[in-house]
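Worksheet for the structure shown next.
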Amino acid sequence: MSTPQRSVISDEEKQFFLDDGYLIVRSVLQGEELRRIQQAMQELTDYGAQTVRDDPDYMYGTGPNTGKPVLRRIEYVIDKRDEMKVLLGHPFILRSVEKLIGKDLIPTWDSMVLKMPGEGIIVPWHRDAGTECVGDTPIFNVDFYLDEADEDTCLWVIPGSHKWSAEQVQEWMSAHRDADLNREHFRASGAVPVLMQAGAVLFHNILLLHGSPYNLSDKLRRVVYYEFRPAHVEQELGPHVPEYIPLKQRVLLSCIEKRKQADHIAEEEPYVYNPPAPFTVQWTPGTELPTYRYAHGDYWRK
Ligand code: NI
């Protein structure tokens with residue numbers, strides 16, 4: 001069964017996101033597109049889990065039981081697989097991002113975060129970034145769930161915490177320090193479990209307090225994070241240098257084009273990327289980019 005794709009999030013959903021710092025949208029990825037993304041990311045998961053790769057894009061944590069390295073994150077998934085380029089062009093997602101931050105949106109991070117079965121790595125309470133690069137709009141991740149997330153594997157969030165001051169966050173964190181960050185800790189903290197099905201999407205503000213316990217269950221939980229920022233804020237505050245902006249704009253344009261060409265995508269109204277001056281960008285459809293991997297470390301401000 002598939003649900004028809006909506007054009008964009010509603011005004012009520014936008015308001016919920018602004019008030020609470022997160023928003024769940026069900027059944028965004030379905031059918032063949034979901035299946036192909038799951039398969040592509042399974043290939044990367046298998047590659048990364050087989051042995052500890054000497055590659056900075058594959059990141060490992062320490063397994064809680066064995067003390068051995070366990071795969072926890074893979075960076076730059078758009079460069080690694082065409083299915084992920086096609087996903088970046090998703091028109092419902094891009095129109096919803098535009099509704100939240102404006103027409104000068106640019107893609108920044110593209111990562112897969114995972115909880116391996118048996119020894120899924122903990123993610124302690126955190127904000128994804130500080131407030132120093134946040135301007136007049138929210139900055140957020142769009143999290144595509146490739147597997148179900150239940151109370152064994154899910155993310156926990158503190159609704160509204162994206163509006164807290166740094167001092168409030170510090171205070172809350174020290175009140176909720178715990179050596180053993182298990183599921184009971186997360187439940188007792190007053191956090192909300194983000195229960196998801198494969199294909200659902202979570203928008204989460206980078207200032208929202210969130211985290212997740214070790215996964216000791218036999219379930220695998222993979223999430224792809226695409227982060228977006230407004231170009232005018234990136235230009236003014238970073239964290240990347242301004243030259244990063246047109247590079248990532250071309251990545252976006254190329255991915256929108258690849259989605260139009262993809263044979264597994266059903267009829268849909270493509271997203272039209274039309275950022276205002278001074279962020280208009282030159283790109284000829286069909287031009288292949290040299291890379292889709294612009295490493296953050298090469299573009300940080302001094
Ligand atoms: Ni995070």
Extension length gain for Glu288 and Trp300 (0.36 nm per residue less Cα distance), in nm, is 1.8 nm
Rounded to the nearest 500, the 222 nm mean residue ellipticity computed for the chain from DSSP H runs (n ≥ 4, each -39500 (n - 2.57)) alone is -9000 deg cm²/dmol
In the range 207-249, the GluC sites (Glu not before Pro) that sit in a DSSP loop and have at most 13 other Cβ atoms within 10 Å of their own Cβ are Glu243
Of the range 66-99, those with amide N under 11 Å from the point 7 Å along the Cα→Cβ vector of Glu269 are 92
Unit-weight point scatterers at every alpha-carbon of the chain, Debye formula, q = 0.08, 0.09, 0.10, 0.15 1/Å: log10 I(q)/I(0) is -0.34, -0.43, -0.54, -1.31
Charge dipole of the chain built from unit charges on the beta carbon (Lys, Arg +1; Asp, Glu -1), centred at mean Cα; most positive-end Cα among Gly160, Met41, Gly135 is Met41
In the range 171-225, the trypsin sites (Lys or Arg not before Pro) that sit in a DSSP loop and have at most 14 other Cβ atoms within 10 Å of their own Cβ are Arg177
Taking the range 11-290, the lysine pairs whose C-alpha atoms sit under 14 Å apart (8 or more places apart or on different chains) add up to 5
Treating only Lys and Arg (+1) and Asp and Glu (-1) as charged, each at its beta carbon, one finds that the chain has a dipole about its Cα centre, in Debye to the nearest 20, of 240 debye
Net charge near Asn141 (other residues with Cβ under 12 Å of its Cβ; Lys, Arg +1; Asp, Glu -1) is -2
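Laboratory data are not the source of any read-out in this text; all were calculated from the coordinates shown. This structure is a prediction, so every number in the text was calculated from the model and none was measured. FYI the Cβ positions are ideal-geometry reconstructions off the backbone, even for glycines, and counts take in every protein chain you see.
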